[in-house]
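Below is one structure, written out as structure tokens; comments come after it.
The values are calculated or read from the model by the stated rules, or taken from the named source; none is laboratory data. None of these values were measured; they are calculated from a predicted model. All Cβ positions, glycine included, derive from the backbone under ideal geometry; neighbour counts span all protein chains shown.
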Amino acid sequence: MGTQENMLQPGTPGIAIIQEEIKSPTKVMLRKFLKQKNSVIALAFICFLVIISFIGPAVVPFGVNQYDYSAILQGPSSTHWFGTDEFGRDLFSRIVLGTPISLAVGISAVTIGAVTGTVLGLLSGYYRGWLDSVVMRICDTLFAFPGIILAIAIVAILGSGLYNVVIAVAVFSTPTFARIVRSRTMAIKESVFVQAAINLGASDSRILFKHILPGAIPDIIVQYTMSIGTSILTASSLSFLGMGAQPPTPEWGLLLSNGRQYMTTSAIMTIFPGLAIFFTVLSFNTLGDGLRDALDPKLTE
Amino acid sequence: MLKYAFRRLLGMIPTLFIVTTCVFFFVRLIPGDPARLVAGEQATEADVLAVRTQLGLDKPISTQYLNYVTGVVQGDLGKSLRTKRPVSEEVGYRYGNTLKLTFLSLAWGTIAGVLLGVWSGRNRSKWQDYTGMAVAVSGISLPSFWVGFLLIMFFGVELRWLPTTGASDFSSYILPAITLGTSIAAIIARFTRSSIVETLKEDYIRTARAKGLKESVVVWKHAFRNSLLSVVTVVGLQFGFLLGGAVVVEAVFAFPGLGSLLIQSVNFRDYPAIQSLILIFSAQFIIINTLVDILYAILNPEIKLS
């Protein structure tokens, strides 16, 4: 035993290599991620927002549409932390209750886009041929419209409303995922282990989902996180323009647009909803940056 | 090179054609009867019929399509339902405003973004880097309409220094341009930084330093010049993005540009105008992106064109 311990003294070159191999990629990634304080804080903030979304209705001091005409357009006070709007509704309560709306719109839109784009990317990268040409043509066409213009066009067809905003944002986030996954698929398909699986007679679906998809997951995760931030911005912009959420929904973009009329008398109405959007989007973008650095194998610790 | 540029320009035509076709079917995709939607709830059957004739929806779809495509090729974008005048008239005078706003935003955004990116990149992993990149990630996370509001409240309402609406003189461009340029500066800063960080690792940078050159010469003359290529590409792509992205900012400042026209048209259900504007936005986007690609090929000596 004693002699073995002596042999395995750390510092000998051979041992260092063994220790390096023991670390699983997940652990390496986690360590790289935890080193980035900003991203950890961002993740904590996002978790906080998710909790707020669920417990919000139980903890807010006022109802979402609780009118109080004796307290209209007030500044912040101990009763109304963020002040009140033109109907005397408590803005703090409304902003808290608006959290699940923005999160749900951003997350559901990007999830739809990510799933559709990933499947399209896998299929077109794996089978190539006419399917690939068609999918890539569609992506090119969608890319030919600047993002927000495409969203406005889709909302103009389908009509205003949050559901249509989700569809619009999902449509314009799809091609990015399709392109990323397609190029990954084409690269991984040529690798030895996939060729081996093909020669062993593995089914196409097994190869696609068990061998190729895991290789594309890191790229998908980074793009997913970054897209949520952008989607929340786009969705709130559309609501701000009157094409998304409709009153009396406490959607943040709508709250901001509502505050516009009272800019000279009650500036506070536009400050807090803007801060809410800003911090939410900032957390998703910071988290995305952190994940990108943690998942990038080229970046060493 | 000429051959490559020519091929790229030709390659644009199918995409432009597909986009034009998409935009044509776009109006026909509106659920229900667009003519009834335009005419309004209380419209009589005769009113609806009149609107349908005006929109050209009474003809067979193939004739509609043919008329539309010949119209687009000749620059005839149809008649606006709101102003009852040709769409191209209103587009014409607003286009210049949007173009000026875009150039102004892009100019300051590029300068600020490059300075911030180089400053962060040359001080990699120091406080300057962290500060610079924190500013940049904040810049891409800010809702532009909120930035616009804050600027209006501070410089327009509080200090009364600058006009907050219109496009009458240069001063009315300042606040919208600051708003629009913020996210551009942030995006360019992020790209410049990563490009500078990569370039500073190169051997020739070590050589330049070993020769005893001043650090500022190394950074600007050696590193930045090499990063310029990717910066030019990003700036070019942002230009196309800006022309569309100005929509929200124009709405905030009631700026008489193409973006605010689009919003007005959507609110008014002015389908001929919406159709033309979407076509214009995407066509210029395609053209600019192709030109940027060609420019990239011209600037990059490493690209061999077969």
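Counted as qualifying within region A:120-223 are the helices (runs of 4 or more DSSP H) with 2 or more residues that are away from every other protein chain (no Cβ under 14 Å), modelled with pLDDT under 90 and over 20 Å from A:VAL110 (Cα atoms), namely A:162-189, A:192-199.
If I ask for residues that are within 14 Å of chain A (Cβ to nearest Cβ) and more than 29 Å from B:ILE205 (Cα to Cα), which ones from region B:89-144 would you list?
Just the residues of region B:89-144 that are within 14 Å of chain A (Cβ to nearest Cβ), to begin with: B:98, B:102, B:120, B:124-125, B:127, B:129-144.
Once the filter is applied, which keeps residues that are within 14 Å of chain A (Cβ to nearest Cβ) and more than 29 Å from B:ILE205 (Cα to Cα), region B:89-144 yields B:THR98, B:THR102, B:SER138, B:GLY139, B:ILE140, B:SER141, B:LEU142, B:PRO143, B:SER144.
Among the residues making up region B:132-161, those that are of a type outside the set (A, V, I, L, M) and not in a helix (DSSP H, G or I) are B:PRO143, B:ARG160, B:TRP161. Of the residues making up region B:204-255, those that are of a type in the set (Val, Ile, Thr) and within 14 Å of chain A (Cβ to nearest Cβ) are B:VAL247, B:VAL248, B:VAL249, B:VAL252.
One line per residue, one yes/no per condition, for (1) without any contact (Cβ under 8 Å) to a residue 60 or more places away in the chain; (2) closer than 30 Å to A:THR265 by Cβ; (3) surrounded by fewer than 21 Cβ atoms within 10 Å (Cβ to Cβ):
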| position | (1), (2), (3) |
| --- | --- |
| B:VAL114 | no, no, no |
| B:GLN128 | yes, no, yes |
| B:SER141 | yes, yes, no |
| B:SER144 | no, yes, no |
| B:VAL157 | yes, yes, yes |
| B:PRO163 | yes, yes, yes |
| B:ILE178 | no, yes, yes |
| B:ARG193 | no, no, no |
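Here A:ILE138 meets each of (1) of a type in the set (A, V, I, L, M, F, W, C); (2) crowded, with 19+ Cβ neighbours inside 10 Å; (3) under 19 Å from B:THR290 (Cα atoms) with one exception, condition (2). In the set (1) more than 30 Å from A:LEU49 (Cα to Cα); (2) within 23 Å of the chain's Cα centre (by Cα), A:TRP130 fails one condition alone, (2).
The single condition among (1) modelled with pLDDT of 80 or more; (2) part of a helix (DSSP H, G or I) that B:LEU242 does not satisfy is (1). Please tell me if A:VAL169 is buried (at least 22 other Cβ atoms within 10 Å of the Cβ), under 13 Å from A:ALA114 (Cβ atoms) and touching a residue at least 12 places away in the same chain (Cβ under 8 Å). Yes: the conditions hold for A:VAL169. Here is the figure for region B:45-82: residues that are surrounded by 14 or more Cβ atoms within 10 Å (Cβ to Cβ) and of a type in the set (Ser, Thr, Tyr) total 3. Listed conditions (1) within 11 Å of chain A (Cβ to nearest Cβ); (2) part of a helix (DSSP H, G or I); (3) modelled with pLDDT under 85 are all met by B:THR164, apart from (2). For region B:246-278, the candidate set comprises residues that are β-branched (Val, Ile, Thr) and under 15 Å from the mean Cα position of the chain (by Cα); within that set, the residue that is surrounded by the most Cβ atoms within 10 Å (Cβ to Cβ) is B:VAL249. Exactly one residue out of B:LEU77, B:LEU66, B:LEU101, B:LEU16 is over 24 Å from A:GLY159 (Cα atoms), touching a Gly at 6+ places or on another chain (Cβ under 9 Å) and either outside any helix (DSSP H, G or I) or at pLDDT 80 or above (or both), and it is B:LEU101.
Among the numbered conditions (1) more than 9 Å from chain B (Cβ to nearest Cβ); (2) crowded, with 22+ Cβ neighbours inside 10 Å; (3) over 20 Å from the mean Cα position of the chain (by Cα), the only one that A:MET243 does not meet is (1). For region A:248-274, a tally of residues being under 19 Å from A:GLY88 (Cβ atoms), modelled with pLDDT of 85 or more and in a loop (DSSP other than H, G, I, E, B) returns 3.
Only residues that are more than 14 Å from A:ILE217 (Cα to Cα) and touching a Phe, Trp or Tyr at 6+ places or on another chain (Cβ under 8 Å) were counted in region A:165-185, giving 2. Selection of region B:159-177 for residues being of a type in the set (Gly, Ala, Ser) and within 20 Å of the chain's Cα centre (by Cα) yields B:GLY166, B:ALA167, B:SER172, B:ALA177.
The condition (being surrounded by 19 or more Cβ atoms within 10 Å (Cβ to Cβ), under 23 Å from A:ASP140 (Cα atoms) and among the polar types (S, T, N, Q)) is satisfied by just one residue among A:SER183, A:SER227: A:SER227. Taking the residues in region A:225-240 that are more than 11 Å from chain B (Cβ to nearest Cβ) and either without any contact (Cβ under 8 Å) to a residue 24 or more places away in the chain or touching a Ser or Thr at 6+ places or on another chain (Cβ under 8 Å) (or both) as candidates, determine which candidate is farthest from A:GLN74 (Cα to Cα). Per the stated criteria, the residue is A:SER227.
Specify the residue that is nearest to A:SER183 (Cα to Cα); the eligible residues are those in region A:94-113 that are in contact with a Phe, Trp or Tyr (Cβ under 7 Å, 6 or more places away or on another chain) and surrounded by 24 or more Cβ atoms within 10 Å (Cβ to Cβ).
A:GLY113
Against the numbered list (1) at pLDDT below 85; (2) touching a helix residue (DSSP H, G or I) at 6+ places or on another chain (Cβ under 7 Å); (3) assigned to a helix (DSSP H, G or I), B:LEU262 comes up short only at (1).
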